[in-house]
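Working notes, structure below.
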Amino acid sequence: MASPNQTLLTEFILEGFSEHPGLRLLLLVSFLSLYTVALTGNVVIIALISFTSGLHSPMYFFLCNLASMDIMCTSSVLPKVLVGLTSAENTISFQGCMAQVFFLIWSLSSELLLLTVMAYDRYMAICFPLHYSSRMSPRLCGALAMGVWGICALNASVNTGLMTRLSFCGPRVIIHFFCEIPPLLLLSCSPTRVNSIMTLLADAFYGCLNFLLTLLSYGCIVSSILRMRSAEGRRKAFSTCSSHLLVVSVFYSSVFCAYLSPASSYSPYRNKVSGVLYSALSPTLNPLIYTLRNQEVRRALGRLLPFSRGQV
C-alpha cells in the first residue's frame, strides 16, 4: 500500500531507445518497415486461407489463427513504439499500459499454446495419416482454437487484474519500449509476491510444459519419418513440418530470454532485444517462412497475384 504522502502515478514514461538518440531515425524506419511487412504478410496469409478452398485443412486453419495472433501481438506494441520515436517524451497512461499488458499476454500465451496444437496436428498427419481426417475433424479443430483463445484470455485477464491492484508511487520510467510485467513489478511500491507467483506459474505452463509437449510431438514425428522406406516420403514429411519447427525455434528462444527469469535479475538490454524478436521480428518472419517454404501457399499466392505466377 502507498503511504498517505505518496502520489499514485497515472502515467508512465517508456524509456524506449533513448540511450541511442543518434539512431532514432534508423529505428523509426526499421520498426515501420517491420510493422508494415508483418501486418501485410499476416493479412495476406489470412486472406489466402479464407478464400482458397485447397487450403481449408486443419494445418492452414491453425496457421490462420497464428497470423491473427501475430497481428494482435505486433499491433499492441509497435504503433506506440513508432509514436515514441517521433516524440520528445514517450508517455503512456496507466490504463493504456494495462491494455498493452493484457493484449501482449493474450497474444503471446495464445501463440505458445497454438504452436503446441500445431505440433500435435503435424504428429497426427505424419504418424497416423490414415486416421488424420477423422481424428482432426473440423469440430475438434474449432474446439481447440476456441480453447486456446479462451484459456489465454483468462490468463491475460488474471495477470492484468493483479497488475491493476498494485500501487505505483514513483519512479515512473519503464526501462523498456513497451509495458511488460517484469519492469512494471520493479516500479511497484506494494508487495508483488502474488504477481510473481502467478507469472511463474504461467511461465511454467505456457513456456516449459508446452515446449516439452512440442519436443515430444517432434520426437515422435522424427522417429516416424526415419522409419519410412521411401526417400520421397521422408522429404515430403520433413517439408511439412520444417516451417513450423523454424517458427517454434525463433519464438521460443525470444520468449524464454524475456520471461524465464526472476524480476530481480531483469536486464534492460537483454529484454529489449528479446522484445524486438517476439513483438516485431517473429510476426514479420512467420508469414514469410510459411509462404516461401510451402508450395501450396505459394501456388495460392500465385493465383491471387497473377504477376507472381512466373516466380512461383
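Below 8 Å, C-alpha to C-alpha, sequence gap of six or more: please give me the relative contact order for the stretch 159-211 in percent.
Dividing the mean separation by the residue count of the stretch 159-211 yields 40 percent.
Over the residues of the chain, compute the C-alpha Rg and express it relative to 2.2 N^0.38 Å.
Dividing the Cα radius of gyration by 2.2 N^0.38 Å gives 1.09.
Order 70-83, 182-195 from most to least packed using the mean count of other Cβ atoms within 10 Å.
Working: 70-83: 20.8, 182-195: 16.1.
Ranking the peptides 70-83, 182-195 by packing returns 70-83, 182-195.
Once R0 is set to 41 Å, what does the formula 1/(1 + (r/R0)^6) return for the Cβ-Cβ distance between Arg270 and Val43, expressed as a FRET efficiency to the nearest 0.05?
That pair, Arg270 with Val43, gives E of 0.85.
Pick out, from Thr214, Thr284, Thr91, the residue whose Cα sits farthest towards the positive end of the charge dipole of the chain, with +1 on the Cβ of Lys and Arg and -1 on the Cβ of Asp and Glu.
Thr214
Out of Arg298, Arg229, Arg270, any idea which swings most in a Gaussian network model of the chain, alpha carbons joined below 10 Å?
Residue with maximal mean-square fluctuation among Arg298, Arg229, Arg270: Arg229.
Once every DSSP H run of n ≥ 4 in the chain is given -39500 (n - 2.57) and the sum is divided by its residues, what mean residue ellipticity at 222 nm do you get, rounded to the nearest 500 deg cm²/dmol?
Computed ellipticity for the chain at 222 nm equals -23000 deg cm²/dmol.
With only Lys, Arg, Asp and Glu charged, each at its Cβ (+1 for the first two, -1 for the last two), find how big the charge dipole of the stretch 12-292 is about the Cα centre; round to the nearest 20 debye.
The calculated dipole for the stretch 12-292 is roughly 620 debye.
What ranking of Thr116, Thr40 comes out by heavy-atom accessible area, probe 1.4 Å, highest first?
Thr40, Thr116
The values are calculated or read from the model by the stated rules, or taken from the named source; none is laboratory data. Not measured: the values here are computed from a predicted model. Positions of Cβ are generated from backbone atoms using ideal geometry, with glycine treated the same way; all protein chains shown enter the neighbour counts. In case anyone asks, the SASA skips ligands and DNA or RNA and just uses the protein heavy atoms, side chains included. Shrake-Rupley method; radii C 1.70, N 1.55, O 1.52, S 1.80 Å.
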